[in-house]
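The values are calculated or read from the model by the stated rules, or taken from the named source; none is laboratory data. Everything numeric here is computed off the predicted structure, so don't read it as measured data. Cβ atoms come from the backbone with ideal geometry, glycine included; neighbour counts cover every protein chain shown. Surface areas here come from the heavy atoms of the whole protein model, side chains and all, with no ligands, DNA or RNA. Shrake-Rupley method; radii C 1.70, N 1.55, O 1.52, S 1.80 Å.
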Amino acid sequence: VLFLRVCVQLLALPIYLLSFLGIWDPFCKNIFFPFVMEKITVSYNRRASGHKQELFCNLQEFAGSSGELTLLEIGTGTGANFQFYPPGCKITCTDTTLNFQDGLAKSMAQNQHLQFQSFLVTPGEDLNQVADSSMDAVVCTLVLCSVQSIEGVLKEVLRVLRTGGAFYFLEHVAADPSSWSYFWQQVYYPTWKLVFDGCHLTRETWKNLEQAKFSEIKLRHIQVPLYWTPVQSHIIGYAIKFSLCCDVCT
């Protein structure tokens, strides 16, 4: 692994040099990563469309007593999930940057069946602009791989969700340690993290979800056909915030 890792690093040497000079990080965040993600999103949605349709098919069941569904999306990016949300859904979008605004505006224009409430520039670990227990659902896809603290994000998710609300997730994760996929994740990891703005290849995100204070978790491990990449292994599902009786008990 170490030998191959060094070989990959040598191939990416110009990027490492730019990083050392302090040039790569702002270029990556402001230009490279938004451009690449906008292109990748189209291909990813095509390959993961069936999984997303299945994942979000019961979103409306978590609507409040008024019948309206209030949803918070963490790390909205270019709005790749909008097409899968039910009509009339009231969405609050968040992201750590405004660099995806062009793609986001395009997605919003293409999804007139939704009601867009606001856009908050904030990390998932700090959603203080969102009131406690104000959301029926929270969505997070391909975001937990790059946050500073998964535990911090999940703590905020539980805070903003109303009792009985649901957290929906679709995340790439560490592959089976006995697989070739995991081997190549180990090889690519340092360079991948640098090139793709802090994205971790080997996070075992399902463990964080299982340790969080959700009363029920529907979670599956799946493979998304992203051939010749180290991000085929995913987890998908949703978790429900504890019921009233559990709330009292805690």
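Observations
- Sparse packing (at most 15 other Cβ atoms within 10 Å of the Cβ) combined with a DSSP loop state is found for the following GluC sites (Glu not before Pro) in region 167-250: GLU204.
- Electrostatic dipole magnitude of the chain [Cβ: Lys, Arg +1; Asp, Glu -1; Cα centre; debye, to 20]: 460 debye
- The fraction of accessible area contributed by carbon and sulfur in the chain is 59 percent, rounded to a whole number (1.4 Å probe; ligands and nucleic acids excluded).
- Once the 1.4 Å probe is applied to the protein heavy atoms, the chain comes out at 51 Å² accessible per residue.
- Across every pair of non-identical alpha carbons in the chain, the mean reciprocal distance, once inverted, gives a Kirkwood radius of 19.0 Å.
- Count of lysine pairs in the chain with Cα separation under 13 Å (8 or more residues apart, or interchain): 5
- Applied to region 178-192, the Karplus parametrisation 6.51 cos²θ - 1.76 cosθ + 1.60 on θ = phi - 60° returns per-residue 3J(HN,Hα) values of 8, 9, 5, 4, 5, 4, 6, 4, 5, 5, 7, 3, x, 6, 4 Hz, with x for Gly and Pro.
- SER181 accessible area, 1.4 Å probe, all protein chains in place, Å² to nearest 10: 50 Å²
- Taking the inverse of the mean 1/r over every pair of distinct Cα atoms in region 34-154 gives a Kirkwood hydrodynamic radius of 14.8 Å.
- Applying both filters, DSSP loop and at most 11 other Cβ atoms within 10 Å, to the trypsin sites (Lys or Arg not before Pro) of region 132-174 eliminates every site.
- The chymotrypsin sites (Phe, Trp or Tyr not before Pro) found in region 62-140 include none that occupy coil by DSSP while having at most 13 further C-beta atoms within 10 Å.
- Only the Cβ atoms of Lys and Arg (+1) and of Asp and Glu (-1) were treated as charged; on that basis the dipole of region 62-206 about its Cα centre amounts to roughly 140 debye.
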